[in-house]
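The values are calculated or read from the model by the stated rules, or taken from the named source; none is laboratory data. As the structure is a prediction and not an experimental result, all values here were calculated from the model. Note: ideal-geometry Cβ built from the backbone for every residue, glycine included; neighbour counts use all protein chains shown.
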Amino acid sequence: MKLYTHDLSPYAARVRMQIYAKGLKDIVFEQPGDDWGLPVFREKFPIGRIPVLDADGALIPESEVIAEYLEEIHPEPSLLGTTPRETAHIRKLARLGDIYIINNAFMLSRLTGALSRKTPADARDNPVTDQLANEVVRSLRALDTLIGSDGFACCGRITLADCALVPGLFDVEVILPAAGVASPIPALANVAAYWAAIQKNVHAARVLSELRRGVEERRAAIRTGEIEQFRADAAAAWKAVDGQLRP
Ligand SMILES: N[C@@H](CCC(=O)N[C@@H](CS)C(=O)NCC(=O)O)C(=O)O
């Protein structure tokens, strides 16, 4: 199997952390090519996003779908619960990480340019980005009431919840300050304690170092103007295909 992945992608990081925690050795990693974000990429991958798992030619997109697929084909060691109720709790926390934290932080980043512009916009200056920042804070407050107190999201061991929350909390710490919003994590005692503890876990530490490497590479590309050029090229390519100005 092959996983299309990128250091900077929190969604791909979520699947990589699962792969490391399960000790899976039969999945090679490949970066998407230079056509990522361009019309030609969507001919191969209709949703146009990574991660995508190539399972013997079957292309499986969406981090959540890939995570569940990997649990089904490699049930041991399990990153789900030992009872249906435990599994429901794990999935609830993973959804908080994916849908409420990563998705909102990701859109906030896209709209403010937190990880794509030399001078990102301030989230508070626009009602849409202000709302996205508030959604992230609200979700972290919810997480503070639900998160485990033994160094893991729940169940006293690594689960799919940690795999989604680790990249989510990383994005909160990188994206919110870049968009002019202080990270709410230090003020949330339970999330802060979890965040300090989980970073010492070997699998979390590995994806966090990959995410940091992705941010450094991205910041270098912003400095050199490479990102600006890519955005201009992508806009031109989309305009040529169907008149759209933006991908
Ligand atoms: N819901 C998807 C989101 C994946 C996603 O948005 N990936 C980003 C990278 S972090 C991407 O490939 N973006 C390319 C684009 O928007 O064209 C998942 O969970 O996998």
Inset, instruction - Select from segment 124-160 the residues that are of a type in the set (D, E, K, R) and over 23 Å from residue 199 (Cα atoms) and write down the one among them that is nearest to the chain's Cα centre (by Cα). - result: 135
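Could you pull out the residue among 94, 114, 142, 88 that is under 14 Å from residue 181 (Cα atoms), small (Gly, Ala, Ser) and in the same structural domain as residue 194 (by TED's automatic domain parsing)?
Residue meeting the stated conditions: 114.
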Legend entry - Of all residues making up segment 69-83, the number that are surrounded by fewer than 17 Cβ atoms within 10 Å (Cβ to Cβ) and out of contact with any strand residue (DSSP E or B) (no Cβ under 9 Å at 6 or more places or on another chain): 7
Inset, instruction - Please identify the pairs in which a residue from segment 3-30 that is free of Cβ contacts under 8 Å to residues at least 40 places away in the same chain has its Cβ atom under 7 Å from the Cβ atom of a residue that is crowded, with 22+ Cβ neighbours inside 10 Å and β-branched (Val, Ile, Thr), counting only partners at least 6 apart or on another chain. - result: 27/19; 29/5
Inset, instruction - Search segment 74-90 for residues that are closer than 16 Å to residue 25 by Cβ and pair each with any residue that is surrounded by fewer than 17 Cβ atoms within 10 Å (Cβ to Cβ) and of a type outside the set (Phe, Trp, Tyr) when their beta-carbon atoms are under 7 Å apart and the residues are at least 6 apart or on different chains. - result: 74/24
Inset, instruction - Determine if segment 194-217 includes at least one residue that is assigned to a helix (DSSP H, G or I), farther than 30 Å from residue 147 by Cβ and not aromatic (Phe, Trp, Tyr). - result: yes
Legend entry - Residue in segment 198-215 that is in the same structural domain as residue 170 (by TED's automatic domain parsing), surrounded by fewer than 13 Cβ atoms within 10 Å (Cβ to Cβ), closer than 20 Å to residue 178 by Cα and touching a residue at least 24 places away in the same chain (Cβ under 8 Å) present: yes
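Regarding segment 42-58, can at least one residue be identified that is in contact with a Gly (Cβ under 7 Å, 6 or more places away or on another chain) and surrounded by fewer than 18 Cβ atoms within 10 Å (Cβ to Cβ)?
Within segment 42-58, one or more residues are in contact with a Gly (Cβ under 7 Å, 6 or more places away or on another chain) and surrounded by fewer than 18 Cβ atoms within 10 Å (Cβ to Cβ).
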